[in-house]
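Structure first, then comments.
Bear in mind these aren't lab numbers, they're just calculated from the coordinates by the rules spelled out. Everything numeric here is computed off the predicted structure, so don't read it as measured data. Cβ atoms come from the backbone with ideal geometry, glycine included; neighbour counts cover every protein chain shown.
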Amino acid sequence: MKKRFHIRLIWIICILSFLSAYFVNELNLKYIPEPQLRNGQTIATNDDVSYLKPAENYIATGEWKDNAIGKQSYFIRPPGYGMIYYLTRKVSSSENALKLLKLIQLLLFGLSVYWLYHIAESIFNHKKISYLLCILYGIFPIASGFLYYTLTEAVTPALLLYFIYLLFQAEQHAVITKKRGYYLAASLVFSFILLVRPALGLFIILIPVFILKDYARKGLKKTLIRIGFYSLLAFIPFTAWQIRNYNITGKVVGLHPIYYADGNSIYRPTLKAYWNFSSGFAQEGKEVHAYMVPMWQAAIQGDTSIRYINAAISSFPDHVVTYFGKDRLTDVFRKYQIATLHQKPFYKLRKPMPEEIPGPELDFIQEIDLLTDEFKQKFWIEYYLVSPLKVFKTMAFHSNLNLYLFQHQFRGKLLTETTRYISFGIHGAAFILLLICLLLMRWMDWRIGVLALIVFSYVFYLCFFQRGIEERYTLPVLSLLLLIALETGRKTLNRLR
């Protein structure tokens, strides 16, 4: 009787999570200005076209590519999310495809609460805490803010939870056929995750760790064979994607080909080199775009006014301007404008840029790389410690309530502000407790320990290497952060008693 009650209760929470996400996101749509929407159904962004167009073009022409210029158009985004959209376009009209896509994303979110519950119950062995976690994640609006976007973050949180749920099920089942079935399913799900968001590839570590814990007593050779089989299986689709891209370009394009050399937009190797410099003193992406986009847009039309350079330099910290000098920084930005002027005729004719980086761009890249190297040497504490901590602060300490109704329409209202402060506290505490968890590893369940190490590695990668972060980048691991936080808090309280 109790078991049936708990099954019903978790499904009620899942349904309420679905309805809560639907209500909040539909209400949000009503207040967003029409130009910011795509067909009145989803929230438009600078990135979503490059996820949707390949599917539409494949239906129309048989080629998987977006509308960008050059070879980059064939692989600017990994194909996983576009494949989901492709399915909606095949079974419905173009007008209804986005509606169906939203429904799929809402259903995945609702199901993810079910998967999270079983993961949590396996860790906590405490149903009330597991329910609390699911209510925080599912019904409270901290995790559902991107379900009406056509971006990978609309599906990756659910896919990652499903992958981990399958591994937990495999580890718990004694029947060998079921165990193998769950490991096989986990590998296949992860293979799709790699096609959707390759940056989550760190979580592949879970497959060998779970198999090692599960099969170690049955012989090293058999264990290694299983690890090799399931791990390789997970990489087959992504490897096929990379081989396809190699056949198009004759080179390995990597995981983040947005700066591929023949691209004819602002996203050139020059901007990539510049980002390496500005991230040294932790300038946020939106601040960099605020002056670099106008500078590029003006230069591509032939306008190389000094005011664009002054706007850039005025955004720098004083010690950066003092050390390098305004004249030197101005000269470097002049080289960027010259490089953009070289791009201008290609841009006007809608022709791809040469795959060999042009001389004016190399001149700028050489100069900006020199600035970056000097900054690392002179301000090494800032570069290697302070700036990553600033990125961590930006990443951790916000409410994660990105929707228009929270940030604009109802901001200042009592209910909105209360929700925002609660969400801010939950989100910030989750990141702090992740760090505490690493200090308490010896007292943690081994599964929590492994998850904490991988999540920390992912966060460290974003803070130290990528540095340019958006709120949505940590959304795939938010459920795990909350899981780790609750278990860390529980263990800490138990030790203090």
Using only the alpha carbons of the chain, determine the length spanned along each of the three principal axes and report them from longest to shortest in whole angstroms.
-> 75, 56, 55
Rounded to the nearest 0.05, what FRET efficiency is calculated for residue 460 and residue 272 with R0 set to 25 Å and r the Cβ-Cβ distance?
-> 0.75
Toy charge model, Lys and Arg Cβ at +1, Asp and Glu Cβ at -1: the range 212-301 dipole around Cα centroid in debye, rounded to 20, equals 820
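Would you mind calculating the relative contact order of the chain from Cα pairs under 8 angstrom and at least 6 residues apart, reporting the percent as a whole number?
Reported as a whole number, the value is 16 percent.
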In debye to the nearest 20, the charge dipole size for the chain, taken about the Cα centre with +1 at each Lys and Arg Cβ and -1 at each Asp and Glu Cβ, equals 2160
Which angle between 0 and 90 degrees, to the nearest 10, do you get for helix 2-31 versus the longest principal axis of the chain when only C-alpha atoms count?
-> 20
Computed lengthening from residue 351 to residue 178, 0.36 nm per intervening residue step minus Cα-Cα distance = 56.9 nm
Alpha-carbon spread of the range 179-293, three principal axes, descending order, Å = 60, 35, 20
What is the calculated FRET efficiency for residue 385 to residue 90, with r their C-beta to C-beta distance and R₀ = 56 Å, to the nearest 0.05?
-> 0.65
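How much FRET efficiency would the formula 1/(1 + (r/R0)^6) give for residue 369 and residue 8, where r is the Cβ-Cβ distance and R0 is 51 Å, rounded to 0.05?
On the way: r = 61 Å, r/R0 = 1.19.
Efficiency, rounded to the nearest 0.05: 0.25.
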For helix 285-299, what angle does its Cα long axis make with the longest principal axis of the chain, in degrees from 0 to 90 and rounded to 10?
-> 30
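Please give the length that would be gained between residue 107 and residue 247 if that part of the chain were fully extended, namely 0.36 nm times their separation in residues minus their C-alpha to C-alpha distance (nm, one decimal).
Details: separation 140, 0.36 × 140 = 50.40 nm, distance 3.70 nm.
My answer for the length gained is 46.7 nm.
What order, most packed first, do the peptides 415-426, 335-346 have when packing is the mean number of other Cβ atoms within 10 Å of each residue?
Numbers: 415-426: 14.8, 335-346: 19.0.
Listed from highest to lowest mean packing, they are 335-346, 415-426.
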